[in-house]
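The values are calculated or read from the model by the stated rules, or taken from the named source; none is laboratory data. As the structure is a computational prediction, the values presented were derived from the model and not from experiment. Because the Cβ atoms are built from the backbone with ideal geometry, glycine has one as well, and the counts that use them run over all protein chains shown. Each accessible area value is taken on the protein alone, full model and side chains, heavy atoms only, with ligands, DNA and RNA left out. Shrake-Rupley method; radii C 1.70, N 1.55, O 1.52, S 1.80 Å.
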Protein chains: 2
Amino acid sequence: MIDFQTHPDQYRHWKLKIDAPVAYLTMDVDPEATLRPGYELKMNSYDLGVDIELYDAIQRLRFEHPEVRSVVLDSGKERIFCAGANIRMLGASTHAHKVNFCKFTNETRNGIEDASENSRQRYLCAVNGTAAGGGYELALATDHIMLIDDDSAAVSLPEVPLLAVLPGTGGLTRLVDKRKVRRDLADVFCAVEEGIKGQRAVDWRLVDEIAPASKFAEAVRARAEALAATSDRPADAAGVPFTPLQRDIGDDGVDYPNLTVAIDRTGRVATLTLKAPTAAPPADLAGIAAAGVDYWPLALARELDDAILHLRSNEGEIGTWVFKAVGDGDAVAAYDAQLQAHADHWLVREIVLYWKRTLKRVDVTSRTTFTLVEPGSCFVGLLAELLFASDRSYMLDGQVEGDSTPAATVRLGEMNFGPLPMGNGLTRLATRFLGEPESVDRAHALVGQALDGGAALAAGLVTFAPDDIDWEDEVRMALEERASFSPDALTGLEANLRFAGPETVETKIFGRLSAWQNWIFQRPNAVSEQGALKLYGSGARPNYNLERV
Amino acid sequence: MIDFQTHPDQYRHWKLKIDAPVAYLTMDVDPEATLRPGYELKMNSYDLGVDIELYDAIQRLRFEHPEVRSVVLDSGKERIFCAGANIRMLGASTHAHKVNFCKFTNETRNGIEDASENSRQRYLCAVNGTAAGGGYELALATDHIMLIDDDSAAVSLPEVPLLAVLPGTGGLTRLVDKRKVRRDLADVFCAVEEGIKGQRAVDWRLVDEIAPASKFAEAVRARAEALAATSDRPADAAGVPFTPLQRDIGDDGVDYPNLTVAIDRTGRVATLTLKAPTAAPPADLAGIAAAGVDYWPLALARELDDAILHLRSNEGEIGTWVFKAVGDGDAVAAYDAQLQAHADHWLVREIVLYWKRTLKRVDVTSRTTFTLVEPGSCFVGLLAELLFASDRSYMLDGQVEGDSTPAATVRLGEMNFGPLPMGNGLTRLATRFLGEPESVDRAHALVGQALDGGAALAAGLVTFAPDDIDWEDEVRMALEERASFSPDALTGLEANLRFAGPETVETKIFGRLSAWQNWIFQRPNAVSEQGALKLYGSGARPNYNLERV
């Protein structure tokens, strides 16, 4: 089992030093501490285990360190920043592991950009030597790249010449779309194994700044302080320690305090049931801070995030995720209102951003997602967003015979109209109603109203609203039908239907770039016994099929 | 060899009837007339041969029939519109053929949309029965879809449930991005093998209009006339007959009057040399019309188009295309000026649109493209656009020792600043200079000036400008290096670097959708002996690997 939970005390690969307002996040990979046997993490190369620590560190910087306003990503190795994803690890991995690894690392790098832009914790990369492949892609995720100006420090994307694959962590997209490198220069850059250094790296827009080694640390500090000066994070607030998650992983599911995951292995369905808070929200901001990781919206975000990562990595054959929500909708609404009321407070802002990123994980997960709205459910505001993040939603219209539980309702909140945009930059409702924008306004007018099945269906908020008589059959048949389809075809279908509207760096990375990379990851030229990824380091030359496809 | 040249007299699958201002383009596939042996084209299913005729018909409608203002796409079969791409053909095809087939059919459908929007020859689809998969995707490419309202006529995209692949001709993108079908309804639609019919098809935005069978022909005619009324095409102009191309296909190349293609099989390079006109342009519009297909810009567009399609389909191992242009730059400039001066004339408009589509073919071709600018070349205006369509361009700075040919220059024209946008909606120069928009303005100020190597390099118009001493080695090494890389990795690299900036329906189809489809086309769940595409029609159920990737 791959576990995404860790703690700085357990880090093997990163060092975190706080020197407020700047933090130094230093990559210093322990070559022996690999996630799986069979390879060594030389030259600051990484595997998923290294990236799990990175993700943990970024999350803690956001929540535990309000006083940190800029983060320097640097290296603990002499003249080496980072050699990228470990190639022997990639060569030995299954297709599914490679793809999932790339997805998680992409999300982590998008998270760096989100921290810079929205948490106002601005990332700077101090490239002290070679930054190759994934190493340069890590740098690309920061706001500002500084490179030592000497004979050896260079940035490179050598995947195509060396490995017959693409840079897998957004490199190509960030070159031409984020940094707006000219396409012909990008083409040349991606063919130069040894990379580009010095002034040419600046001229080609590959890095932002160079400085001689003797003045590098000083220049980095000055730049980090300048970036910090643009931040609005509080200097004197107390952070929220990320204590270990309470979690009980069993054979057929996972239990968290606010979430249960129940796996039906025969039907290949995981049901994720989110639980409403059982008490009213704290009275004020001090109460929120005091609750810390137990504050319901934060606690649930952490649990949902962990459950998503767990299911993705450890339950590959569970092809459909069903979301349910149980409990008191009024309690959800009260928390929702509190998040809105204090949206500008640094901690509340972090919590909402965490939900935004977690819902984006749902968007890019290669699993079918259905939401079921039943009596006793509480799809209100924040939780109602799952209706729009899902491939389909089914709402039971009316009561169930012989059961006094009132009919289900859904209730929109302001949370559904702005704070939780998709990767395409639009809200899920705006994306959903691309063809009828007036429906977004109509839905907005319904904020706070308890909508029964008929009303939710009429407003276009759910896909189907069968009554008690049809409910069970309809849901069962939909789940069985889904399980009968080719998992690959579903992955492609969902990746194409979920992102109508504008494309951004982020959606291009998950749509265009990842799809091509996944294709290449299947091609013999990369992954056969004669392929470049398998032969790398052996001295043997790959034997390519020369046909262009 | 697959030949893309045909003529209505040779059509086996389509009937073209002109009833101005409306044309009827009727699909009536001859099941026996297949491009290759081994399958029958039942139920108006199609193979590349059917689509080659379709492409020919669309081109002729544009050029030969200025009087046609709207086109009805319909079917000659009872209760069947079109069953889509032939599945047995797909099952028996190589990966490369499937991918190339999808690319060409996609370009043809994009061409239908271009005709509707820009040639003002508006397409309407009259769906008289089942329109399944590629059949419905053909309808989706038109401006207006009409469906017979009866018990059997339906539109469907059954690829995922039946074949474990995606709709390969833009269907998913056009559903959610062009027609803006709600994503959850699109998800349901793609799971319903038998499709959606009647009013529900309208409600879900899948079609625009339904009409009972008894009134269908009449309703279609009325709608076609209404569409025709929005067109500005001339009623009384003479069309330009597309006489057969002059072409000499040899073992190592193709000769056309205005273009030679020379293939170096050892180096795996095709050199496409475009020839400048040898005479001044006709004096006026009457002269252009009289020249017809021999009018230089039109003649060259036809030749280049044919050469691209030929190389793509028949020369898969020739991985790099090198563009050269020879002849009198002033003559090119004179034609360029004429195209600009008469941009509003229907025929000139068509010629420029043809260039636009042909250059877009270069953009989405899975071959490396280099442009070489040498003494004696004529990269001016229209032809200079190849500099920006290429992955790289090399310009020889100065003269060659012992050769009195003047040093090469490039000359921009207004053609480079608007009439020839890429699929992303931007000009190639705007895409090139995304990071420095001021460079577009700077380049605009250079229109008409002969720029030598240094000036072109300084303006960012070429990638490198070596002098005579370095030229040969530098170009040779670049070509050899390219030939040493994995063809698949290059395809992915180029597909990601060429399209910075906004994404459109068109770029999403070639980027996101095609990449996923190509991935799925490699996956055992679709194409192994146990895969759905192979087993379709056999009665056996596919055996899926259940892991979600």
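Odds and ends about this structure:
- Computed with a 1.4 Å probe over protein heavy atoms only, the accessible area of B:V447 comes to about 50 Å².
- B versus A: buried accessible surface, summed, Å² (probe 1.4 Å, to nearest 100): 8500
- Computed FRET value (nearest 0.05) for A:A286 with A:D30, which takes r as the C-beta separation and R₀ as 51 Å: 0.80
- Listing of the range A:527-549 residues, each with accessible area lower by at least 40 Å² in the full protein assembly than in the chain alone (probe 1.4 Å): A:Y544, A:L546, A:E547, A:R548, A:V549
- When the solvent-accessible area of the protein assembly as shown is split by element, carbon and sulfur atoms take up 49 percent of it, the probe being 1.4 Å.
- Solvent exposure, largest accessible area first (probe 1.4 Å, DNA, RNA and ligands not counted), of A:T173, B:T504, A:T266: A:T266, B:T504, A:T173
- In this structure B:H97 has an accessible area near 20 Å², from a 1.4 Å probe over the protein heavy atoms.
- Inter-copy label distances for B:L446: 5.7 nm (label point placed 7 Å from Cα along Cα→Cβ; shortest first).
- By definition, a body whose alpha carbon gyration tensor gives a ≥ b ≥ c is oblate when a/c is 1.5 or more and a/b is not larger than b/c, and the protein assembly as shown fits this oblate description.
- Label-point distances for A:D473 to the equivalent site in the other copies, using a point 7 angstrom along Cα→C-beta, read 8.0 nm when ranked shortest first.
- For the range A:175-192, a reduction of at least 40 Å² in accessible area between the chain on its own and the assembled protein chains (probe 1.4 Å) is found at A:V176, A:K180, A:R182, A:R183, A:D184, A:D187, A:V188, A:A191.
- For the peptide B:389-402, the mean number of other protein chain Cβ atoms found within 10 angstrom of a residue's Cβ is 1.
- Which of A:S484, B:S404, A:S93 is most accessible, then next, and so on - probe 1.4 Å: B:S404, A:S484, A:S93
- Inter-copy label distances for B:H95: 0.9 nm (label point placed 7 Å from Cα along Cα→Cβ; shortest first).
- Per residue, the range B:137-179 exposes 16 Å² of accessible surface when a 1.4 Å probe is rolled over the protein heavy atoms with every protein chain present.
- Based on Cα contacts under 8 Å between residues 6+ apart, the range A:453-549 shows a relative contact order of 11 percent.
- Solvent-accessible surface (1.4 Å probe) assigned to B:M477 amounts to roughly 110 Å².
- Shape of the range A:497-549, Cα gyration tensor, a/c cut at 1.5: prolate
- Taking all Cα pairs closer than 8 Å and separated by 6 or more residues, the relative contact order of the range A:1-122 comes to 27 percent.
- Applied to the range B:107-119, the Karplus parametrisation 6.51 cos²θ - 1.76 cosθ + 1.60 on θ = phi - 60° returns per-residue 3J(HN,Hα) values of 4, 5, 5, 4, x, 4, 5, 5, 5, 4, 7, 10, 7 Hz, with x for Gly and Pro.
- For the residue pairs B:K17/B:K215; B:K360/B:K508; A:K17/A:K178; B:K98/B:K534; B:K17/B:K77, the alpha carbons lie more than 18 Å apart in B:K17/B:K215; A:K17/A:K178.
- For chain A, excluding the exposed loop sites themselves (GluC sites (Glu not before Pro), DSSP loop, at most 10 other Cβ atoms within 10 Å), the longest remaining stretch covers A:79-400.
- Partner chain coverage, peptide B:157-167 - average Cβ within 10 angstrom: 4
- Solvent exposure of the range B:309-429, expressed per residue, is 26 Å² of accessible area, with all protein chains present and a 1.4 angstrom probe.
- Stretching B:H444 away from B:D232 to a fully extended chain increases their span by 73.3 nm, per 0.36 nm per residue minus the current alpha-carbon distance.
- Three-way shape label, the range B:27-180, alpha-carbon gyration tensor, a/c 1.5: rounded
- Inverse mean reciprocal Cα-Cα distance (Kirkwood Rh) of chain A, Å: 24.5
- Taking the range B:63-172 and dividing mean pair separation by its residue count, relative contact order in percent (alpha carbons under 8 Å, at least six apart): 31
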